[in-house]
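Q: Sending over a structure as structure tokens; questions will come in a sec.
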Amino acid sequence: MSRQSVRDKILVRILEFEPGQPIAYRKLKGYGSGSATQRWIKHFCQMGTITRVMTGFYVRPKSIASLPNITVTCEPAALAKAWAQEKGYILTTTDVEELYRLRFQTQMPVHTQLWTNGPSKTFKIGNASVSIRHVPPSKLLWHDAPLGRLFRALQALNPETTEPDQLLRAFKLLGHSDNEINIDISVLIKESSLSRWAPALQAALDSIQ
């Protein structure tokens with residue numbers, strides 16, 4: 001395989017990714033020797049085709065329509081998600097984030113944070129950053145599923161001050177039908193860590209039956 005063909009294959013692979021989408025080094029391997037791959041990646045970085053945003057990750061820079069002379073790389077959260085996927089870690093929104101998204105509270109979280117079963121870490125791109133905090137697996141049940149989002153919100157709420165209609169509204173925001181609400185509430189009631197929520201969940205269930 002000639003040096004030129006290695007270059008072309010890596011370039012074609014790079015161009016398959018959208019600008020702003022993190023590219024793991026692993027996804028650029030396999031088109032030549034390790035030294036040739038590293039050499040051409042370094043070349044594309046020098047040419048501005050890609051930018052190294054952290055060890056093992058690159059991004060095709062993208063321009064801002066309103067500021068054509070300025071290019072940006074990627075959002076810290078996107079880099080965090082790519083890192084977690086590459087490492088095989090779970091990555092989710094936090095309990096506080098879901099309180100806001102599911103309208104249990106109106107105040108938006110001040111700082112962007114995510115939960116993981118991997119190590120705690122901070123990702124910073126320019127002036128923007130996102131922190132990843134390690135939490136026990138018990139806090140990550142059903143992680144990316146809609147049920148997981150509600151589960152995380154419940155961890156930060158008091159069942160004695162949460163009305164059934166608030167729970168039902170959250171389910172509706174997650175796109176649940178009445179039948180799906182019925183099924184998921186039954187699942188949540190059986191979860192031992194939510195035993196204190198059983199009466200409130202049953203009240204919500206009774207209100208739709």
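Q: Can you name the residue in the stretch 20-59 that is among the β-branched types (Val, Ile, Thr) and over 14 Å from TRP83 (Cβ atoms) and, of all such residues, is surrounded by the most Cβ atoms within 10 Å (Cβ to Cβ)?
A: Of the residues in the stretch 20-59, the ones among the β-branched types (Val, Ile, Thr) are 23, 37, 41, 49-51, 53, 55, 59.
Imposing the further condition that a residue be over 14 Å from TRP83 (Cβ atoms) reduces the set to 37, 41, 49-51.
Values: THR37: 18, ILE41: 20, THR49: 16, ILE50: 24, THR51: 16.
Per the stated criteria, the residue is ILE50.
Q: Another question about this same structure. Going by what's in this entry, would THR73 be described as at pLDDT below 90, surrounded by 15 or more Cβ atoms within 10 Å (Cβ to Cβ) and touching a Ser or Thr at 6+ places or on another chain (Cβ under 7 Å)?
A: yes
Q: Take the stretch 49-60 and flag every residue that is farther than 18 Å from LYS121 by Cβ and either modelled with pLDDT under 90 or aromatic (Phe, Trp, Tyr) (or both).
A: Scanning the stretch 49-60 gives a single hit, TYR58.
Q: I would also like to ask the following. With LEU157, LEU167, LEU188 as the choices, which residue is under 15 Å from ALA203 (Cβ atoms) and outside any helix (DSSP H, G or I)?
A: LEU157
Q: Would you tally the residues in the stretch 181-209 being in contact with a helix residue (DSSP H, G or I) (Cβ under 6 Å, 6 or more places away or on another chain) and basic (Lys, Arg)?
A: 1
Q: For a quick check of your reading of the model, give me the residue pairs whose first member lies in the stretch 91-104 and is hydroxyl-bearing (Ser, Thr, Tyr), whose second is modelled with pLDDT under 95, with beta-carbon atoms closer than 7 Å and at least 6 apart or on different chains.
A: Filtered contacts from the stretch 91-104: THR92/HIS143; THR92/ASP144; THR94/GLN113; TYR100/GLN107; TYR100/MET108; TYR100/PRO109.
Q: Kindly provide the set of residues from the stretch 1-19 that are of a type outside the set (Asp, Glu), at pLDDT 90 or above, surrounded by fewer than 16 Cβ atoms within 10 Å (Cβ to Cβ) and not in a helix (DSSP H, G or I), ordered by number.
A: PRO19
Q: Something else: Looking at (1) modelled with pLDDT of 90 or more; (2) out of contact with any helix residue (DSSP H, G or I) (no Cβ under 9 Å at 6 or more places or on another chain); (3) exposed (fewer than 11 other Cβ atoms within 10 Å of the Cβ), which one does PRO68 not meet, given that it meets all the others?
A: The one condition PRO68 does not meet is (1).
Q: Is it the case that some residue within the stretch 119-129 is assigned by TED's automatic domain parsing to the domain that holds ALA80 and farther than 30 Å from THR51 by Cβ? Reasoning before the result, please.
A: So the first thing to find is which residues in the stretch 119-129 are assigned by TED's automatic domain parsing to the domain that holds ALA80, and the list is 119-129.
Now drop any that are not farther than 30 Å from THR51 by Cβ, which leaves none.
The answer is no; no qualifying residue exists.
Q: Counting just the residues of the stretch 191-209 that are outside any helix (DSSP H, G or I) and more than 27 Å from the chain's Cα centre (by Cα), which one comes out farthest from GLN105 (Cα to Cα)?
A: Filtering the stretch 191-209 for residues outside any helix (DSSP H, G or I) gives 191, 208-209.
With the extra rule that they be more than 27 Å from the chain's Cα centre (by Cα), the set shrinks to 208-209.
Working: ILE208: 23, GLN209: 27 Å.
Among those that are outside any helix (DSSP H, G or I) and more than 27 Å from the chain's Cα centre (by Cα), it is GLN209.
Q: Return the residues of the stretch 20-45 that are of a type in the set (Phe, Trp, Tyr) and not in a helix (DSSP H, G or I); say none if nothing qualifies. Working first, answer last.
A: Initially, the stretch 20-45 is screened for residues of a type in the set (Phe, Trp, Tyr), giving 25, 31, 40, 44.
The answer is TYR31, and nothing else.
Q: Restricting the search to the stretch 160-186, which residues are surrounded by 14 or more Cβ atoms within 10 Å (Cβ to Cβ) and among the hydrophobic types (A, V, I, L, M, F, W, C)?
A: Answer for the stretch 160-186, where residues must be surrounded by 14 or more Cβ atoms within 10 Å (Cβ to Cβ) and among the hydrophobic types (A, V, I, L, M, F, W, C): LEU167, LEU168, ALA170, PHE171, LEU173, LEU174, ILE181, ILE185.
The values are calculated or read from the model by the stated rules, or taken from the named source; none is laboratory data. Keep in mind it's a predicted model, so treat the numbers as computed, not measured. Ideal geometry is used to build each Cβ from the backbone, glycine not excepted, and the neighbour counts take in all protein chains shown.
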